[in-house]
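K.L.:
What follows is a structure written as structure tokens; I'll ask about it next.
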């Protein structure tokens, strides 16, 4: 059977499963559509949050970035897990006690202002749409390779599938499909990692294998890797970074953003009790950690495998001939995500760091005329089983897993966007008298529109999937998280303070991002080149969200203290959110 | 101040203390051991690299899980202790 047929069976089979579950759990009332009837067990909910959370960025993109950056890109690992500590302690239980459907609804009620609610809707849409662009970019890479179609066709197929189950199923459909998706994606991620761990070290547990001995050389895996890559002029994998400020701020942005992303917070409304909201956060992190502890192992081992594929006789010998290159390189070349240019005309693949001035002499003495091989970081996880020569079904499995990750998150985000529009914007502001049926219809239409916009923007993403997603986190960190946290932990912050804080945080962060990444991410509109020499104090646009959050907090406190205290009933509301007694089910107005 | 409200105030203070303690550990393993204090841990070898690298790629994640379960367990007990738990 051809690899194409195997991929089709795995991808098609998993899609069929999701769609069947979505139809089986077809939503009835409005409350079912948004929060699955409020009756989801913490462990089930944890797995659903895991699938919702782990997107194309975690599955497809992250290990590739860690492989390329080594220690410096550990920020993704800590940032995307550490946020759950903030969620569990600072937001989830209180928002569950508050018991409404959406994040803007809490902000609108707590800050007794329809404008606050609308500003929250704006922040939510900007963050979520940026996030969906990253998902669509990841899904495009996966489809273009495994279904052997071009990226645009891949995007359209993805959009149709998301539309079907997100629109028909609502949250309940999504909760159970997401549990299924979690199972598919975690199996798909760990099985190739286990095979590779056994091949390289004999230890079948990937997180332990990366710190074990490389069987072939007798050195620890990381030592061997460092040796191979520094021989070719690349930076050491485990070396410390000099710009610690940027690393701290980037990690912090990802953590705060995690806690401020509405599609994750909305999940905590679906557990029966406040106590369960706390457990849910813990279970979610357990499920997430299974992938996040495997990712750094995949990163280091895949990088080592890639180097030994190109330099099979060691780095002192010449690399392989282009004509002898393995099948997987040929197939990825078709997508344009791997490129080769024979600069010195010897027919071999000289892959090294030609930007390293210290290595230039050695390269010249070996007759090398520049680096000849480059690959898109987003392909590393998908190509990983092929690089390690694993059987065809493992490759089919990873295709299904990558798509599960991208589509589950896209669906969760679309639900958050559609509920913000139908529930907060239309019902909350434009037409309060709208019927339940009309509200559902509006939710479905806004989902369809959001899918169309995201698909369109996903064709030209402003970076690798994980980087686009990191920008979305920065935006959420700077806008929503501070408002939510102050709404619970301060009785003094008032309507004017919260609104000015959110607007200040959001605009500060967006301007800083757009200056380097292009206005509205439109290519060619950036004012400054996006590199460390141009960043203010060495802070990258990916890290600015943490500073934006600080701006938000400061503005909100200063403005609140200069204006009136919130009314007594609001102070009582804040009190009541703090104590679990009397929570009841999530309710509508 | 009535008994009910002083009870609630004590509960909230206990919660804030617990959160503060947990967040200190949270910051210590990630921003501390994994980033800022990594040079201090450089002498402790872990499979081909040092302890700071291990905290950055695995140790901090494991600590985060332990922290959340510890917090959930303590808080659910405090809810009962102060009589503020949700009705069954």
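K.L.:
In nm, give the distance between the simple-model label positions of residue A:364 and residue B:27, each being 7 Å from the Cα along the Cα-to-Cβ direction.
P.N.:
Inter-label distance under the simple model: 5.1 nm.
K.L.:
Let me ask something else about it. If you fit an axis through the alpha-carbon atoms of helix A:392-419 and take the longest principal axis of the Cα set of chain A, what angle between them do you get, 0 to 90°, nearest 10?
P.N.:
Orientation of helix A:392-419: about 30 degrees from the principal axis.
K.L.:
Express in nm, to one decimal, how much length is gained between residue A:429 and residue A:572 on full extension, taking 0.36 nm for each residue of separation and deducting their alpha carbon distance.
P.N.:
49.0 nm
K.L.:
A further question on this structure: Using a/c under 1.5 as the rounded threshold, could you call region A:328-442 rounded, prolate or oblate? The axes a ≥ b ≥ c are square roots of the C-alpha gyration tensor eigenvalues, and prolate needs a/b larger than b/c, oblate otherwise.
P.N.:
Prolate.
K.L.:
Still on this model: What are the semi-axes of the equivalent ellipsoid of chain A, taken as the square roots of 5 times the eigenvalues of the Cα gyration tensor, listed largest first and rounded to whole Å?
P.N.:
Largest first, chain A gives 42, 26, 21 Å.
K.L.:
How high is the FRET efficiency between residue B:62 and residue A:215 when r is their beta carbon distance and R₀ equals 45 Å, given to the nearest 0.05?
P.N.:
So, using R0 = 45 Å, E works out to roughly 0.95.
K.L.:
Peptides A:267-277, A:152-162: what's the order by average Cβ count within 10 Å, highest mean first?
P.N.:
Ranked from most to least packed, the peptides come out as A:267-277, A:152-162.
K.L.:
Right, next: Which value in deg cm²/dmol, rounded to the nearest 500, describes the helix-derived mean residue ellipticity at 222 nm for the protein assembly as shown, given -39,500 (n - 2.57) per DSSP H run of n ≥ 4 and division by the residue count?
P.N.:
-21500 deg cm²/dmol
K.L.:
Between residue A:356 and residue A:23, what is the spin-label point distance in nm, taking each point 7 Å from the Cα along the Cα→C-beta axis?
P.N.:
5.6 nm
K.L.:
Follow-up question, since we're still on this one. For region A:429-506, rounded, prolate or oblate, judged on the Cα gyration tensor with a ≥ b ≥ c (square roots of eigenvalues), a/c < 1.5 rounded, else prolate if a/b > b/c?
P.N.:
Note, shape of region A:429-506 comes out oblate.
K.L.:
Just want to confirm a number: the relative contact order over chain B, from Cα pairs under 8 angstrom separated by 6+ residues, in percent.
P.N.:
Taking the mean separation of contacting Cα pairs over the length of chain B, I get 30 percent.
K.L.:
Just order A:79-90, A:400-411, A:357-368 by mean Cβ neighbour count inside 10 Å, highest at the front, would you?
P.N.:
A:400-411, A:79-90, A:357-368
K.L.:
Further question: Could you work out how far the C-alpha centroid of region A:85-159 sits from that of region A:219-281, in angstrom?
P.N.:
Using only Cα atoms to place each centre, the spacing works out to 19 Å.
K.L.:
What is the calculated FRET efficiency for residue A:316 to residue A:522, with r their C-beta to C-beta distance and R₀ = 45 Å, to the nearest 0.05?
P.N.:
Using R0 = 45 Å, I get an efficiency of 0.45.
K.L.:
While we're on this one: Could you work out the mean count of beta carbons from other protein chains within 10 Å of each residue's beta carbon in A:80-92?
P.N.:
So the per-residue partner count for this stretch is 5.
K.L.:
Report the gain in length on full extension from residue A:244 to residue A:531: 0.36 nm times residue separation, minus Cα-Cα distance, nm rounded to one decimal.
P.N.:
Residue separation times 0.36 nm, minus the Cα-Cα distance, leaves 101.7 nm.
K.L.:
Taking neighbour counts of Cβ atoms within 10 Å as a proxy for exposure, in what order, fewest first, do A:213, A:199 appear?
P.N.:
With the fewest neighbours first, A:213, A:199 line up as A:199, A:213.
K.L.:
Which angle from 0 to 90°, rounded to the nearest 10, does the C-alpha axis of helix A:74-86 make with the longest principal axis of chain A?
P.N.:
Value to nearest ten degrees: 20.
K.L.:
Still on this structure, please answer the following. Can you tell me the orientation of helix A:3-24 relative to chain A, as the angle in degrees between its alpha-carbon axis and the longest Cα principal axis, to the nearest 10?
P.N.:
10 degrees
K.L.:
Tell me, in nm to one decimal, what length is gained between residue A:507 and residue A:1 on full extension, where the rule is 0.36 nm per residue of separation less the Cα-Cα distance?
P.N.:
That works out to 176.8 nm of additional length.
K.L.:
Sticking with the crude label model, points 7 Å out along Cα→Cβ, report the distance from residue B:70 to residue A:231 in nm, one decimal please.
P.N.:
The modelled label-to-label distance comes out at 4.4 nm.
K.L.:
Please give the FRET efficiency for residue A:330 paired with residue B:87, using the beta carbon to beta carbon distance and R0 = 51 Å, rounded to the nearest 0.05.
P.N.:
0.20
Only the coordinates and a few stated rules stand behind these numbers; no lab work does. As the structure is a prediction and not an experimental result, all values here were calculated from the model. Neighbour counts run over all protein chains shown; Cβ positions are idealised from the backbone, glycine included.
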